[in-house]
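The values are calculated or read from the model by the stated rules, or taken from the named source; none is laboratory data. A quick note: this is a predicted structure, and the numbers were derived from the prediction, not measured. Cβ placement follows ideal geometry from the backbone for every residue including glycine, while neighbour counts extend to all protein chains displayed.
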């Protein structure tokens, strides 16, 4: 657990970047700091590895004040990922990943095998290991950045707007992969973003900060959407928060209707299209699985030409359909 | 051509003097400019005055420097130290800008990442900042080396000028061969030195030559 107690950062010119911030960041979960620019989210993050020193208050990791030791040693125990990755341009991909183990003096063989394993883990082709960062795409560089942060197996990983410089499709992929990775590694991740959707998607907990470095609300995303603490949080969360809260409603208990006659399946039992008069097939629209949210199910219904949203299993096989009535029932309860 | 055959010993002596008079200042100049440039990036208010001072020093006429230095240093007029010191001053004046620009060419996110993953200041300078600054520093090194090789000859006017002495000899005797030999050899020397530096840079910076990928993917 990382604990902020009355932490303040004031610059010599008097600017208050962070104002008496107190919060507890639970271990093994993703905590997101979100807010408009000037809210002190990045400052708060960087105070954790002391790349910015707090002015007053206390920050502790598992009860121990981070100022009790040497900052360089502290930093080697905390993974760090930034926007544009910040890879070392003169070192190969595998050497970039091996940075912290090398600083810690691990033996070469172990360092190398850990680095290669991590490259695989973040979804990079091992053929890229001997390339230089300039030879990679933005998304690939960011994966290397994550691998570098994880190389010495730190308990904590700090991520400062890591995905904001890549295009939306790659960003979506990287977000999904971070969630998948986190299911395996269970790190204490502190993630900074200005994008509330990213915060809601990734965070187990979200800290909304307002300009001037004050904490506006600290809550799980579903709670944030359902009960914003004040007008600022409500407007920051956005207008369609009711709709977005559907993300946290699961489809696993949703009643499914049997597959309708006009749904055409292929040989594998996957939905192929809707049969309409004249023998034409209309497209299926979006589908959803039992692990998706009600938001995905609603999307399936809205995009289906027949108003039936198809539920499929993990192999893409059609299980059943939902319609407006089923969703309305689920929303009412 | 018989002159060349008869004077191989002299030519060789002048050539080797030329090499050490030109190269030694490059080494000293680099050793002085590196810490100076580093200090200027740590205390950024120093950078502009230092670069300006470098510009002023570089604009001093070399002849004047060769003549004034013995007075300042208390050396003999014919002491090669004068040439080495003068050319070292030019080298520092030229390299200081390149060292500062080179260290500043480290992208801010790279610097920030280096600090955040736990590089101490000394290790960061030696293993991150300096290697990344190599292309910019070496650009200055090439100019300084070639400039030094040409400027050593000016020293011949005060009697120590490597291949330049072949010029004075030739002009005094109204005999062109030594002049041609001197010109050709200093040209070749400059070319060879430049090639060596470029080669060294290629070895040091394999990363600077990589081809960018398709930006998509």
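Observations, loosely collected:
- Among the residues of the range B:32-53, some residue qualifies, meaning at least one is within 12 Å of the chain's Cα centre (by Cα), modelled with pLDDT of 90 or more, farther than 21 Å from residue B:153 by Cβ and not in a loop (DSSP other than H, G, I, E, B).
- Tabulated pairs, the range B:199-214, first more than 15 Å from residue B:130 (Cα to Cα) and within 12 Å of chain A (Cβ to nearest Cβ), second at pLDDT 85 or above and assigned to a loop (DSSP other than H, G, I, E, B), C-beta under 6 angstrom, 6+ apart or interchain: B:210/A:132
- Selection of strands (runs of 3 or more DSSP E) fully inside the range A:1-82 by the criterion of at least 1 residues being surrounded by fewer than 20 Cβ atoms within 10 Å (Cβ to Cβ) returns A:2-10, A:16-25, A:56-61.
- Residue count for the range A:64-100, restricted to those that are in contact (Cβ under 8 Å) with a residue 24 or more places away in the chain and either in contact with a strand residue (DSSP E or B) (Cβ under 8 Å, 6 or more places away or on another chain) or closer than 21 Å to residue A:112 by Cβ (or both): 22
- Subset of the range A:103-128 (residues that are surrounded by fewer than 16 Cβ atoms within 10 Å (Cβ to Cβ) and either touching a helix residue (DSSP H, G or I) at 6+ places or on another chain (Cβ under 8 Å) or within 14 Å of chain B (Cβ to nearest Cβ) (or both)): A:104, A:105, A:110, A:120, A:125, A:126, A:127
- Pick from the range B:99-124, criterion touching a residue at least 60 places away in the same chain (Cβ under 8 Å) and surrounded by 19 or more Cβ atoms within 10 Å (Cβ to Cβ), ranking: farthest from the other protein chains (Cβ to nearest Cβ): B:100
- Filter result for residue A:119 (in a helix (DSSP H, G or I) and either assigned by TED's automatic domain parsing to the domain that holds residue A:147 or touching a residue at least 40 places away in the same chain (Cβ under 8 Å) (or both)): yes
- Restricting the search to helices (runs of 4 or more DSSP H) fully inside the range B:108-217 and requiring at least 1 residues that are over 23 Å from the mean Cα position of the chain (by Cα) gives B:108-117, B:121-124, B:164-173, B:176-204.
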